[in-house]
Amino acid sequence: MKDLKVEQKPVVESPKPKRELPSFREVSRKYGAVAVLVALVIFNSIVTNNFLDMQTLWNVLLHVSTTVLVSIGMTLVIATGGIDLSVGAIMAIAAVTTTFFLHSSMWMMVLGAVVVAAIIGLLNGTIISYFRIQPIIVTLAMMIAGRGIAQIATDGYLVSFDKPSFETIGKGEIGAIPIPVLIMLITALLFYLVVKYTSFGRYIEAIGDNEKAAQLAGVKVNFVKISVYVIAAVLASFAGIIETSRLAAADATNIGQLIELDAIAAVVVGGTLMTGGRPYIWGTVIGAILMGLITTTFNMNDIPHSYSLVLKAAIIIVAVYLQRGNQA
């Protein structure tokens, strides 16, 4: 019997697909804010006196804490493809609401403000979801009406008070950390976990990517959209409570004035697309801190505040330009 020889063909491995490197534009969009923040810290470390003092750090974080709270809510709203211009007015209404409960406990003051804000957010979300009116129109109307309601409730006057337990929210510390900074960090961590590990977070991203496809996939689009507007309003109320307790006064005219623009800027600089999609919570936090640090840099070096506005505007334009590449 002849030996059978089996020729073994050499195994040809299929070429592995090349892993494409992210483009410079994509890297810049994701990490540009961090790079600018690090550059500013290095610059201040060299140029600005007392910048590396711990008190300066806490002051920067304390200054941006309310902006971060509002910005986190704005991130969720923008991730669904919407926008909320009423957050500043909601801060004012929350501030005024706390004064209605001055003879109650601190917790009743907080709860009253949060409930009223949640009702406004519910109204925003319901009109946008069921009546299909553009978010910018609905929230613009609420911004105007809300500021007016807050001023009517106080006759346009600043309402000051003396309530030490309530003032602890804005002025107190745990260890060396100011309570507003703790609230900011806990809120950011909570919503980062929600966005990354829950179905609710994935639904937000799905709606922002393609609302019709999300609806066909079984996502309760209206419920999710209403929820994000309620969350944004509640976080704005927390910001209003902190500002009111820090000032020991409710200022319906000035509290939360133009904070919606700072929040939108923080979201854009932080990498969340204005057209909707994945929300970047920590990116938004970095964006808000970056904006606050620019203001601090100019103030500590005796440079007129108006110059810092020009620099912020330039950063926002660059961030939006980088987003265009991602949308293409």
Largest-first ordering by accessible area, 1.4 Å probe, given options F223, F166: F223, F166
Taking the C-alpha atoms of region 135-264, convex hull volume expressed per residue in Å³: 131 Å³
Stokes-Einstein translational diffusion, region 87-146 - Kirkwood Rh over all Cα pairs, 1.567 mPa s, 4 °C, in µm²/s: 106 µm²/s
Region 171-328 - accessible surface per residue (Å², probe 1.4 Å): 46 Å²
Rough spin-label spacing in nm, given labels placed 7 Å along Cα→Cβ, for N210 and W282: 3.0 nm
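How long are the semi-axes of the equivalent ellipsoid of region 194-314, defined as square roots of 5 times the Cα gyration tensor eigenvalues? Whole Å, largest first.
On the way: eigenvalues 209, 73, 25 Å².
Gyration-tensor ellipsoid for region 194-314: 32, 19, 11 Å.
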Residues listed by number, region 200-244, amide nitrogen under 17 Å from L193 label point at 7 Å toward C-beta: 200-202
Highest-first arrangement of 275-283, 55-63, where packing means the average Cβ count within 10 Å: 275-283, 55-63
Added length on full extension, which subtracts the Cα-Cα distance from 0.36 nm per residue, A313 to F43: 95.2 nm
Percent accessible area from carbon and sulfur atoms, the chain, protein chains only, probe 1.4 Å: 66 percent
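Just order 76-89, 37-50 by mean Cβ neighbour count inside 10 Å, highest at the front, would you?
Values: 76-89: 27.2, 37-50: 12.8.
In decreasing order of mean packing, 76-89, 37-50 become 76-89, 37-50.
Over 19 Å, how big is the tail of the calculated P(r) for region 205-273, in percent of all Cα pairs?
Values: 1240 of 2346 pairs.
So the pairs more than 19 Å apart make up 53 percent of the total in region 205-273.
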3J(HN,Hα) from dihedral phi, region 295-301, Karplus parametrisation 6.51/-1.76/1.60, rounded to Hz, x for glycine, proline: 4, 4, 4, 5, 5, 6, 9
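Using only alpha carbon pairs under 8 Å that are at least six residues apart, calculate the relative contact order of the chain and give it in whole percent.
On the way: 512 pairs, mean separation 107.5, N = 328.
Averaging sequence separation for qualifying contacts and normalising by length gives 33 percent for the chain.
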Positive dipole terminus of region 130-280, leading residue within T187, Q257, T168 (C-beta point charges): T187
Percent RCO, i.e. relative contact order, over region 88-199, from Cα pairs under 8 Å lying at least 6 residues apart: 25 percent
Over 31 Å between alpha carbons, listed pairs K171/K220; K30/K220; K30/K225; K163/K225: K171/K220; K163/K225
All-pairs alpha carbon distance profile, region 21-155, 5 Å steps from 0, percent: 2, 9, 12, 15, 14, 12, 12, 12, 9, 4, 1, 0, 0
Under-5 Å amide H pairs with Y280, H placed in peptide plane, nonlocal only: T272
Helical contribution to [θ] at 222 nm, DSSP H n ≥ 4, -39,500 (n - 2.57), averaged over the chain, rounded to 500: -24000 deg cm²/dmol
Built amide H within the under 5 Å cut-off of G81, gap 5+: G276, G277
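Can you tell me how much longer the chain between Q134 and L111 gets when fully stretched, taken as 0.36 nm per residue apart minus their C-alpha distance, in nm with one decimal? Numbers along the way, then the final one.
Values: separation 23, 0.36 × 23 = 8.28 nm, distance 3.00 nm.
Contour length minus the Cα-Cα distance gives 5.3 nm.
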Equivalent ellipsoid semi-axes, region 120-185, via Cα gyration tensor eigenvalues times 5, rooted, Å: 33, 20, 8
3J(HN,Hα) from dihedral phi, region 220-235, Karplus parametrisation 6.51/-1.76/1.60, rounded to Hz, x for glycine, proline: 7, 4, 4, 4, 5, 5, 4, 4, 5, 6, 5, 4, 4, 5, 5, 5
For the chain, the Rg and Dmax computed from alpha carbons only, in angstrom: 23.8, 111
Derived scalar couplings ³J(HN,Hα) [region 172-179; Karplus, 6.51 cos²θ - 1.76 cosθ + 1.60; whole Hz; x for Gly, Pro]: x, 9, 10, x, 9, 9, x, 4
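The values are calculated or read from the model by the stated rules, or taken from the named source; none is laboratory data. Model, not experiment: these values are computed from the prediction. Positions of Cβ are generated from backbone atoms using ideal geometry, with glycine treated the same way; all protein chains shown enter the neighbour counts. Surface areas here come from the heavy atoms of the whole protein model, side chains and all, with no ligands, DNA or RNA. Shrake-Rupley method; radii C 1.70, N 1.55, O 1.52, S 1.80 Å.
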